[in-house]
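**Student:** Once you've had a glance at the structure underneath, I'll fire off some questions.
The values are calculated or read from the model by the stated rules, or taken from the named source; none is laboratory data. The structure presented is a predicted model; accordingly, all values stated were derived computationally and were not measured. Neighbour counts are summed over all protein chains in view; Cβ atoms, including those assigned to glycine, are modelled from backbone coordinates with ideal geometry. These accessible areas exclude ligands, DNA and RNA; they are computed on the full protein's heavy atoms, side chains included. Shrake-Rupley method; radii C 1.70, N 1.55, O 1.52, S 1.80 Å.
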Amino acid sequence: MIDWREPSQLDRSPALRAEQDLDAAWRAGRVVEVDESGNISAGPEGVRFLDDPGQRQLDDIFVGTFRGEPWFARPVLRMDGESLAWRDIEPGQADPTATAVALSRWHLQSPPCERCGEATRPDLAGARRTCVGCGHWAFPRTDPCVIVAIRDPDDRLLLARQPSWAPKRFSIIAGFIEAGESAEQACHREVYEEVGVELTHLTYVSSQPWPMPRSLMLGFEARSGSASLRPDGLEIAEARFLSRTELARVVGEGSLVLPPPASIARSLIERWRVLPEVDVNL
Ligand SMILES: [Zn+2]
């Protein structure tokens, strides 16, 4: 489990991007490939670095310095050899790999200039793109999402399944923040829209980057005044409250699959599992 509340282990200092320093960083650094699906070159030992990356290329991205080593990402359309999804990489490497995936996918899309529509090219070793027409700078965007762990009056946790997911996959409720909305308002709206639950005691817990493609997940906890549910049938096919004992049983027998360990969804579920029963009337 990754604790995203601690300081990042990745040094992203802008000073490291000065051109005269980048060549030295390149010679001392390591290069990882990332494809347009967000997969990272990997082998049995985890992240696999290029044996011979050759000269630094225009598209190569300086990710930052991690454990004393400069990391570069090379965006590729297709990967030669084995790869892993970001969420399956060893948790200790989450900081540089999340950044490598987020930046690589952005550059692989080659977004046109939002001001004049001309092409843009990578700049500052991948930290931004510059328009070839008007010189406008573009920086990678992050889309905020909310995700909420909801307890009913009996301290059971709400788990739900989207129609597009595998039949046994369940998680907690999540959704994008809409324009003009606060994170808390998004929690209330999404949960009411999707399962008909009105939240109380809404509290922020922590956040997590999710570079697939560019989300920032804001994790909350809340309570529901009742145990009645009304799945909307569109975004949520099935929803139910489960006690800790029930959850352990269905996971144990394989009839329910939880989100992967790298996800904040799983962190919030585990947090509920280990926290003692609370007085829901508080
Ligand atoms: Zn432009």
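**Student:** From the C-alpha coordinates alone, can you work out the Kirkwood hydrodynamic radius of segment 51-122, in Å?
**Tutor:** 13.9 Å
**Student:** Then there is this: Can you compute the charge dipole magnitude of the chain about its Cα centre, using +1 on each Lys and Arg Cβ and -1 on each Asp and Glu Cβ, nothing else charged? Give it in debye, rounded to the nearest 20.
**Tutor:** Values: 32 positive and 43 negative charges, 11 e Å.
Here the size comes out at about 60 debye.
**Student:** So if I place +1 on the C-beta of Lys and Arg and -1 on the C-beta of Asp and Glu, and nothing else carries charge, what would the dipole magnitude of segment 143-274 be about its Cα centre? I want it in debye, nearest 20. Can you show the working numbers first?
**Tutor:** Details: 15 positive and 18 negative charges, 114 e Å.
Value, rounded to 20: 540 debye.
**Student:** When the Karplus curve 6.51 cos²θ - 1.76 cosθ + 1.60 is applied with θ = phi - 60°, which whole-Hz ³J(HN,Hα) does each residue of segment 259-274 get, with x for Gly and Pro?
**Tutor:** Each residue's phi maps through the Karplus curve to give x, x, x, 6, 8, 5, 4, 5, 4, 5, 5, 5, 4, 5, 4, 9 Hz.
**Student:** Where the centroid of each part is defined by its Cα atoms, how far is segment 169-229 from segment 54-75 in Å?
**Tutor:** Distance between centres, Cα-based: 35 Å.
**Student:** Which far-off residues, 5 or more places away or on another chain, put their amide H under 5 Å from the one on R169, with H placed in the peptide plane?
**Tutor:** Residues meeting the amide H criterion: V257.
**Student:** May I ask for the angle, rounded to the nearest 10°, between helix 19-28 and the longest principal axis of the chain, with both axes built from Cα atoms and the value confined to 0 to 90°?
**Tutor:** Around 80 degrees separate the two axes.
**Student:** If you wrap the chain's Cα atoms in a convex hull and average its projection over all directions, what's the area in nm²?
**Tutor:** Values: hull surface 69.0 nm².
For the chain, the mean projected area of the Cα convex hull comes to 17.2 nm².
**Student:** How do 237-243, 223-229, 123-129 rank on mean C-beta neighbours within 10 Å, highest first? Please report the intermediate quantities before stating the final value.
**Tutor:** Working: 237-243: 17.0, 223-229: 15.4, 123-129: 19.0.
Descending mean neighbour count gives 123-129, 237-243, 223-229.
**Student:** Further, regarding this structure: Name the residue from I177, Y192, G133 whose Cα lies farthest towards the positive end of the charge dipole of segment 120-195, charges +1 on Cβ of Lys and Arg and -1 on Cβ of Asp and Glu.
**Tutor:** Checked the options; the winner is G133.
**Student:** By what distance, in whole Å, do the Cα atoms of segment 52-185 stretch along each of the three principal axes, largest value first?
**Tutor:** Extents along the principal axes, in whole Å: 60, 38, 30.
**Student:** Hey, could you grab the Kirkwood Rh for segment 4-109? Inverse mean 1/r over distinct alpha carbon pairs, Å, one decimal. Spell out each step's value before the answer.
**Tutor:** Details: mean 1/r = 0.0724 Å⁻¹.
Hydrodynamic radius (Kirkwood, Cα pairs) of segment 4-109 is 13.8 Å.
**Student:** Tell me, what is the per residue accessible area of the chain in Å², probe radius 1.4 Å?
**Tutor:** Working: 14420 Å² over 282 residues.
Result: 51 Å² of accessible area for each residue.
**Student:** Could you bin all the Cα-Cα distances of segment 143-274 into 10 Å bins starting at 0 and give me the percent of pairs in each, rounded to whole numbers?
**Tutor:** That works out to 13, 47, 36, 4, 0, in percent per bin.
**Student:** Grab the Cα-Cα distance for D51 and A15, subtract it from 0.36 nm times how many residues apart they are, and report the gain in nm with one decimal. Intermediate values should be presented prior to the final figure.
**Tutor:** Details: separation 36, 0.36 × 36 = 12.96 nm, distance 2.71 nm.
So the extension gain works out to 10.2 nm.
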